[in-house]
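In what follows, a single structure is set out as structure tokens and then discussed.
What follows is calculated from the coordinates using simple rules that are stated; it is not laboratory data. Bear in mind that the values here come from a model prediction, so they are computed numbers and not experimental data. Note that each Cβ is placed from the backbone with ideal geometry, even for glycine, and that neighbours are counted across all protein chains shown.
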Amino acid sequence: MNKLESIEFFEKFSHGMTLFSQLSDFSVGTTPAEVVYTEDTMKLIHYIPTVKKPFAVPILVVYALVNRYYILDLQPDKSVMKKLLDEGFDVYVLDWGYPTGIGKYLTIDDHVNGYINNAVDKIREISAVDKITILGVCQGGTFSVMYAALHPEKVKNLITLVAPINFDTNKGLLHVWAKNLDVDRIVDYFGVVPGDVLNIGFMLADPFRTMIDKYVDLFERIEIKPGDEESQRKNEEMIRNFLRMEKWIFDSPDQPGETLRQFVKDCYQNNLLIKNAMVLNGQKINLKNITMPLLNVMAEFDHLVPNEASKPLNDAVSSSDKETLVFKTGHIGIFVGSKSQKEVCPKIAEWLRPRSIPDEAKKDKTVSDEAKKVKTIPDEVTKDKPTPAKPREQRRTTTQGRAQ
Amino acid sequence: MDKIDSKNTQDFFFSLWSNFYEDSFGKLVTMPTLGPKREESEKLMKGFSTFVNFYTALMKSNANFQSVFMKAMGNMSDKTISEMDKDPSPDKYRAFYKIWIETYSGTFNEFLKSELFSSENGKLMSAFMDFQKHSKDIFEENYLKPMNLPTKTDIDEINKELYILRKTVKELTKQIKELSEKNNSTAVTPLE
């Protein structure tokens, strides 16, 4: 490194450390919301609508257990939740919380037929609708598919976002590693498996980039322009966003033992779900029971959930109205990248809008084939004129973000 | 433990080591114990065996990673020779870092997605879990219980009871709600 380069690098490093010490706030999940239902460690969170009359059919976002849901609401300017709210939807999210000792015994059945089902019933009660839209993300998408197959009468639309359904592939690292994992020994010892164990696994996916290059790149991107307030603001925002992502990456909840055991054995090792052979509490999951409209969203460069793991869902269900969307981005980029706001959310909204009219309101209205297609929006349904919802109970509202 | 049947040098070494251990010190460890504390002694000895298995798996894993490091260094050397002049210039530091990160990242990623790593990692995890479980059991038996302190086993038992009770209460509450709703909907208006 020549002298100039040395000085520049150390200037950036020094400036970066100064910014770190000055930053006081980098809150996550700041879109205003309220908790409307709790059960054990689970919370059902309702985002405050940003339009006067949201679409009547609400959306329940189900995230994975392995990370926290607020990746979908990480930065105010790159929030999937906020985007969906601005598109006119009524949005809820399941916050799984952090398992306690009892979590050792929680099964997939407890999550799907327990927590998700109870949350869905609560939303149906609040919104006075019979069916809702479920948007499942990653492992949450897998659970959502299980739920939709077991309770199709409560699901109006199913959207899966980078969700693994077929586990018989060697394209993803997790798929390769899980085949040789003795999950019984891990669960029998830990009970509730520490989040750090999974964190190590995720970091091993690309250790040099996740443990070294990421931090070098952070300081490399700092601009040194003395007296330039715009540059200073950009530097602060960049570091703030980096810290938000850093917080999310290492905020991995512990894993309920029995859930992890069944997920690894039945899904990753025996691939029972796509074969319609997975059983929850004595009830077999038959994907053919899924007849509602399905939107299957994938990321082309997904190293955790390869497209081969998500694509087969469309052939496994009985839905006539189904579509696949693939975006040129990665597993995380699909939620927080620039494409998320510019492409992913608008496409999801475009697909969902005509399908967010409750069935009762459609009785006398013939929905044309054109309305069922993905890319067009029917003339009678526009962003600014959603179908009026049935009267709902008054709810408290808040102008503040949810407490951390 | 495995007998020697692999031509691979590393596998050969570890298999040889394991067999020597089994034929010598291992026999002492698996010997039946005597005396009033024979059960505790037996458990301690079994725990030692799990430690040896874990240590073997760990060393094997380290050896694998060392091989990959050597391979990455070789790849790095090949690339830098072509990128840099005989007299490496300080101006090429950034390029050197870029080559380093790409080469090491690529070499390690190739290893981490291999069947070898998956298999060895699985064995290492299993050996580690066995060792940890034995350590925990010994600690509970020989320290916590004699000192009348709660053990994880006790707490797990309580948590299991709590889980079952909680689930039962939820199911009963749901049934009561359904029955109440059914009762209300079929309620007969009394005659005046």
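Descriptive notes on the structure:
- When B:M45, B:M147 are arranged by Cβ crowding within 10 Å, least crowded first, meaning fewest neighbours, the order is B:M147, B:M45.
- Computed from Cα positions, the angle between helix A:139-150 and the longest principal axis of chain A comes to roughly 0 degrees.
- Debye equation applied to the C-alpha atoms of region A:105-209, log10 I(q)/I(0) at 0.11, 0.14, 0.15, 0.24 Å⁻¹: -0.47, -0.72, -0.80, -1.31
- Averaging the sequence gap over all C-alpha pairs within less than 8 Å and six or more residues apart, then dividing by the number of residues, gives region A:97-159 a relative contact order of 31 percent.
- Using the Cβ-Cβ distance between A:K342 and B:K133 with R0 set to 45 Å, the FRET efficiency works out to roughly 0.35.
- Estimated dipole of the protein assembly as shown in Debye, rounded to 20 [Cβ of Lys and Arg +1, of Asp and Glu -1, Cα centre]: 1020
- All Cα-Cα separations within region A:156-207 were binned at 5 Å from zero, giving a P(r) of 4, 14, 19, 22, 20, 12, 6, 3, 0, each value a whole percent of the pairs.
- Helix content alone sets the calculated 222 nm mean residue ellipticity of the protein assembly as shown: runs of n ≥ 4 DSSP H residues at -39500 (n - 2.57) each, divided across all residues, give -15000 deg cm²/dmol.
- For chain B, Kirkwood radius (reciprocal of mean inverse C-alpha pair distance, Å): 23.3
- For region A:25-46, backbone nitrogen atoms closer than 16 Å to the point 7 Å from B:T173 Cα along Cα-to-C-beta are found at A:36-44.
- Cα-based radius of gyration of region B:64-165 once divided by 2.2 N^0.38 Å, which approximates compact folds: 1.96
- Selected from B:N19, B:N109, B:N64 as most flexible by GNM, with chain B as the system and alpha-carbon contacts under 10 Å: B:N109
- Fewest-first sequence of A:K322, A:K342 by Cβ atoms within 10 Å of each Cβ: A:K342, A:K322
- Taking A:D90, A:D184, A:D228 in turn, the Gaussian network model of chain A (Cα-Cα springs below 10 Å) assigns the largest fluctuation to A:D228.
- Residues B:K43 and B:F65, FRET efficiency given R0 of 35 Å [Cβ-Cβ distance, rounded to 0.05]: 0.60
- For chain A, the share of DSSP beta bridges that are antiparallel, to the nearest 5, is 35%.
- Sorted ascending by nearby beta carbons within 10 Å, beginning with the fewest, A:I165, A:I274 become A:I274, A:I165.
- For region A:1-125, convex hull volume per residue from C-alpha positions, Å³: 174
- Listed residues A:F208, A:F242, A:F143, most fluctuating in chain A (Gaussian network, C-alpha, under 10 Å): A:F208
- DSSP bridge pairs, region A:11-130: antiparallel proportion in percent, nearest 5: 70
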